[in-house]
Amino acid sequence: MADDRLESVLQQVIARNPAEPEFHQAVTEVLHTLQPLLARRPEYLDQRILERVCEPERQVIFRVAWQDDRGVTQVNRGMRVQFNSALGPYKGGLRFHPSVNLGIIKFLGFEQIFKNALTGLGMGGAKGGADFDPKGRSDAEIMRFCQAFMTELFRHIGDHTDVPAGDIGVGGREVGYLFGQYKRLVNAFEAGVLTGKGIGWGGALGRTEATGYGVVFFVSHMLAARGRSLDGLRATVSGSGNVATYAIAKLQELGATVLSASDSSGSVHDPAGIDLALLRQVKEVERGRISDYVARRPGATFLQGARPWSIPCDVALPCATQNELDAADARLLVSNGVLAVAEGANMPSSLEAIEVLQAAGVAFGPAKAANAGGVATSGLEMQQNAARQQWTFEQTVGQLARIMENIHSTCAATAEQFGSPGNLLLGANIAGFQRVADAMLAHGVM
Ligand code: NDP
């Protein structure tokens, strides 16, 4: 019965949201794990919680017109999907990337609902962004784009309404321009309206590091549950942005050798271990390509257009983007003896890849649990803003470590309770969904 209803809700979602394959994938992943919960809690079906949770509360799509350095007018599409506010103000990042479309923002917003619930903090789920390509744009162009984007977005956000943050293509620089324009438009310094702010003007120490560090804290708990530690293990990481950089830093600090990093042009394989200072110089300071790293690093090789999953490793952390680890990659990882895969990026593994990893007994840490450290620390930034305080780096990161430990134990205990010990995907989906669903039931029909 529950199975039939789940399948019919999924088919409805697919029919009502055509041409949005990433959104279908995210919904499928969650719904396919909820059967044991629905068998115990039929009121979720009776009250149509599944149908409601798959329908965003509000979606805003807007034109962003701005002038480039040559004086030519450019037109982009901006959007914000405010998915669910049962647990608190909408919360989720903004992505600036040419691939952005409504289906991608909806998949990210849907994931964000349950991720935010898992942190234990009071935050609803949302996501936004634009199909703007920051690559090759001057600083002045980035600023004008951010100002034009915020000139529409500002009317939909606020510290009790919706609190955006960064994501792909939106880092500290962009959050600065977005915040400046918001402040100008509302004529008030509402520090809590955006997170990921600069340290001197409302940002939390440790927010920049939080997602990458959090993934590594999470994978440490996954390994500890199997009697292992990161010390002496070989890790592969994809990406070379915010999440990848601080995942690499924490892996190295805990004694792992990190063999790879990547960007959209390909991967670097560095058998001596990634030189993080050089990687940051190339990607963060020079805003160059990952091949520039190889050119300056003896012994490193460039795998053009390839992902790093063919490099033998004990731990793999996909930290770049969605669907960057498919079934063939998963089979390669398994045949090379991988122990654990934890998702730093959002939905980096295809549904088939997850099946391959789980069937082979590889420990699998799903994104909504493993990368929740970023938004959790955004929640801590909001707390500091509300109290007009700034905690030390150690206070914030200590709190992050405790939150990641809690998320891991909640997922593990829930998996056990629902008859699938070790299945952190099922544990994360059920625990996150249940918290949101109970709040929705309490709020009545809306
Ligand atoms: P950044 O923009 O800092 O870095 C993104 C990295 O991924 C870059 O190395 C980029 O390469 C690469 N990348 C982007 N798109 C593609 C693509 N289509 N194919 C291959 N590589 C690609 O973003 P973040 O590090 O912030 O985000 C990375 C992932 O982590 C995303 O999935 C994001 O949603 C997720 N995430 C981020 C959080 C955060 O706090 N920042 C929190 C939770 C999840 P290139 O330079 O060539 O574009």
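Read-outs: derived from the displayed coordinates by stated rules, not from any lab. Computed from a predicted model, the values in this text were never measured in an experiment. With ideal geometry, Cβ positions are generated from the backbone for all residues, glycine too; neighbour counts draw on all protein chains shown.
A Förster distance of 35 Å, applied to the separation of the beta-carbon atoms of Gln74 and Arg16, puts the FRET efficiency at 0.60. Within the shell defined by Cβ-Cβ distances under 14 Å, the residues around Ala39 carry a net charge of -1, with Lys and Arg each +1 and Asp and Glu each -1.
Report the gain in length on full extension from Ser264 to Ala387: 0.36 nm times residue separation, minus Cα-Cα distance, nm rounded to one decimal. Mind dumping the intermediate values first?
On the way: separation 123, 0.36 × 123 = 44.28 nm, distance 4.04 nm.
Gain on extension, Ser264 to Ala387, equals 40.2 nm.
Between the range 212-291 and the range 69-110, what's the alpha-carbon centroid distance in Å? Distance between centres, Cα-based: 27 Å.
First check a/c for the range 163-295, with a ≥ b ≥ c the square roots of the eigenvalues of its C-alpha gyration tensor; if it is under 1.5, answer rounded, and if not, answer prolate when a/b is larger than b/c or oblate otherwise. All intermediate terms of the calculation are to be shown ahead of the outcome.
Numbers: a/c = 3.11, a/b = 1.60, b/c = 1.94.
The shape class here is oblate.
In a shell of Cβ-Cβ distance under 13 Å around Lys250, excluding Lys250 itself, what net charge do Lys and Arg (+1) and Asp and Glu (-1) give?
Numbers: positive: none; negative: Glu209, Asp231, Glu253.
Every neighbour counted, the sum reads -3.
Within the range 210-245, the trypsin sites (Lys or Arg not before Pro) that combine a DSSP coil assignment with at most 12 other C-beta atoms in a 10 angstrom radius are Arg226.
Assuming a ≥ b ≥ c are the square roots of the Cα gyration tensor eigenvalues, decide whether the chain counts as rounded (a/c under 1.5), prolate (otherwise, with a/b larger than b/c) or oblate. Judged from the Cα gyration tensor, the chain comes out rounded (a/c under 1.5). Estimated from helical segments only, the mean residue ellipticity of the chain at 222 nm is -14500 deg cm²/dmol, where each DSSP H run of four or more residues counts as -39500 (n - 2.57). Overall shape: prolate for the range 121-237, with the ratio a/c of the largest to smallest alpha carbon gyration tensor axis at 1.5 or above and a/b above b/c. When the charge dipole of the chain is built from unit charges on Cβ atoms (+1 for Lys and Arg, -1 for Asp and Glu) and taken about the Cα centre, the candidate among Gly180, Ser409, Pro366 whose Cα reaches farthest toward its positive end is Gly180. Efficiency by 1/(1 + (r/R0)^6): what FRET value for Glu284 and Gln35, r their Cβ-Cβ distance, R0 = 45 Å, to the nearest 0.05? Between Glu284 and Gln35 the formula returns 0.50. Once the chain from Val445 to Phe189 is taken as fully extended at 0.36 nm per residue, the excess over their C-alpha distance is 88.6 nm.
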